[in-house]
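Visitor: Can you keep this structure in mind? I'll have questions shortly.
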Amino acid sequence: MSAEQKKIIFSGIQPTGVITIGNYIGAIKNWTKLQDDYNCLFCAVDMHSITVRQDPALLRKRARDLLTMYIAAGLDPEKNIMYYQSHVSGHAELAWILNCFTYMGELNRMTQFKEKSAKHGSNINAGLFTYPVLMAADILLYQTDLVPVGHDQKQHLELAREIATRFNNVYGDVFTVPEPYIAKVGAKIMSLQEPTKKMSKSDENPNGYISLMDEPNVIIKKIKRAVTDSDREVTYSESKPGVKNLIDIYSCVTSESIESSIDRFVGKGYGELKQVVGEAIVEELKPVQERFKDLQKNKDYIDSIIKKNGETANYLATKTLRKAQKKVGFPVRIR
Ligand code: ATP
Ligand code: LTN
């Protein structure tokens, strides 16, 4: 298929911590499978990150590490556009327009807003409230067809679709209405310590998650400590979320079907399950970690990718932005 015929994919991750195996399974690993069949943009959404207070130097480092990790995990920077959100001003400009097409009531219903405002009670800023509008702008700017994300982003995506449709109903077909792409297994990897909560990179307890940069012995230890229950024998069911989570992780990192992964462990003891799952994660992450360390040393290469991809993203974004600006009645620029 030629590049022009391919559909467009957009997705992003916030550079707010060291990415976890949840982000890897729910997002990045799926992206690597899609990169040949779609025109893809993968963004480090640093503008979203400042809705929660960040240390500036650390945010900058994490954003760079995130793009480096995209490459280390197997995303080809020659095929995909990987860039910083803050390098393309069109995101903020379109977000402003879309803010005027989004209702307070819609934003008030967003689960992530409710959760984050409960967690950061002393800083419930307007950015946190309008976060989903910026996300809609990210997606709509590139005429995105498909958005591969974890399950937690489904509600935000529905809102993006709603905003696009609302705008199109007034002005004609300006935006492609995007579809979510959420995998059947692995779209919600749970915390290792509280398996009824999703694994999150901003969890205060590092035992709750596996970071992509955790050393093998740390990974094995965290899996051994993972909360299961007082039973001894493996079964796969919603009533055993800790055990189910470990089998889901296994299936995703080994790419073995969920049925065959269940067969492998059912009836076995928890000790054996944890040992095999821990080793499978170590095996999957080893080459990623090695590539990440090598890439980090290659400063000029990463710089050149950031520059080139940022320019391409900017070019593409401006096309949609100008269209939207013209539709709402902003004066056309004289060239
Ligand atoms: P934070 O803790 O900083 O809010 P996060 O770990 O939830 O971050 P995001 O940057 O919000 O990560 O999400 C990046 C991508 O990873 C999104 O597509 C999201 O749906 C996916 N994702 C996040 N957590 C999980 C999880 N536990 N299981 C599967 N996918 C996940
Ligand atoms: N809101 C997402 C991150 C994000 C995103 C996007 C994902 C921002 N913009 C566009 C997909 C498409 C999150 O919190 N995980």
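What follows draws every value from the coordinates through simple rules; no lab data is involved. Nothing here was measured: the structure is a model prediction, and the numbers come from that model. Here the Cβ positions follow ideal geometry from the backbone for every residue, glycine too, while neighbour counts run over all protein chains shown.
Listed here are the residues, each with its yes/no results for (1) under 30 Å from residue 328 (Cα atoms); (2) not β-branched (Val, Ile, Thr).
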| residue | (1), (2) |
| --- | --- |
| 141 | yes, yes |
| 196 | no, no |
| 229 | no, yes |
| 239 | no, yes |
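Visitor: Also: What residue, of 271, 267, is not in a helix (DSSP H, G or I) and not charged (D, E, K, R)? Even if it seems obvious, please write down each step before you answer.
Guide: Details: 271 fails: not in a helix (DSSP H, G or I).
Criteria check complete, one pass: 267.
Visitor: Quick check on residue 228: is it in a loop (DSSP other than H, G, I, E, B), in contact (Cβ under 8 Å) with a residue 60 or more places away in the chain and more than 16 Å from ligand 1 (Cβ to nearest atom)? If you could, list the steps in order and put the result at the bottom.
Guide: Working: in a loop (DSSP other than H, G, I, E, B): yes; in contact (Cβ under 8 Å) with a residue 60 or more places away in the chain: no; more than 16 Å from ligand 1 (Cβ to nearest atom): yes.
Criteria not met by residue 228.
Visitor: From the list 26, 17, 12, 90, which one is surrounded by fewer than 21 Cβ atoms within 10 Å (Cβ to Cβ) and within 14 Å of ligand 2 (Cβ to nearest atom)?
Guide: Numbers: 26 fails: surrounded by fewer than 21 Cβ atoms within 10 Å (Cβ to Cβ); 12 fails: surrounded by fewer than 21 Cβ atoms within 10 Å (Cβ to Cβ); 90 fails: surrounded by fewer than 21 Cβ atoms within 10 Å (Cβ to Cβ).
Checking each option against the conditions leaves just 17.
Visitor: Ok, one more. I want to confirm something. Restricting to the stretch 148-171 and keeping residues that are surrounded by 20 or more Cβ atoms within 10 Å (Cβ to Cβ) and β-branched (Val, Ile, Thr), which single residue is farthest from ligand 1 (Cβ to nearest atom)?
Guide: Restricting to residues being surrounded by 20 or more Cβ atoms within 10 Å (Cβ to Cβ) and β-branched (Val, Ile, Thr), the top hit is 163.
Visitor: Under 6 Å by Cβ, and 6 or more places apart or on different chains, what pairs join a residue from the stretch 289-301 that is part of a helix (DSSP H, G or I) with one that is among the small types (Gly, Ala, Ser)?
Guide: Sorted first by the residue in the stretch 289-301, then by its partner, the pairs are 291/72; 292/72; 295/72.
Visitor: I'm trying to understand the selection: among the residues of the stretch 113-133, which are away from ligand 1 (no atom under 13 Å from the Cβ), within 14 Å of residue 48 (Cα to Cα) and assigned to a helix (DSSP H, G or I)?
Guide: Result: 126, 127, 129, 130, 133.
Visitor: Need at least 2 residues that are of a type outside the set (Phe, Trp, Tyr) and within 16 Å of ligand 1 (Cβ to nearest atom) per element, so show me which strands (runs of 3 or more DSSP E) inside the stretch 1-112 make the cut, counting only ones lying wholly within it. Before the answer, list the steps.
Guide: Working: elements: 7-13, 38-44, 81-84.
Correct list: 7-13, 38-44.
Visitor: Which condition number does residue 331 fail, the rest of (1) closer than 30 Å to residue 141 by Cα; (2) surrounded by 12 or more Cβ atoms within 10 Å (Cβ to Cβ) being met?
Guide: (2)
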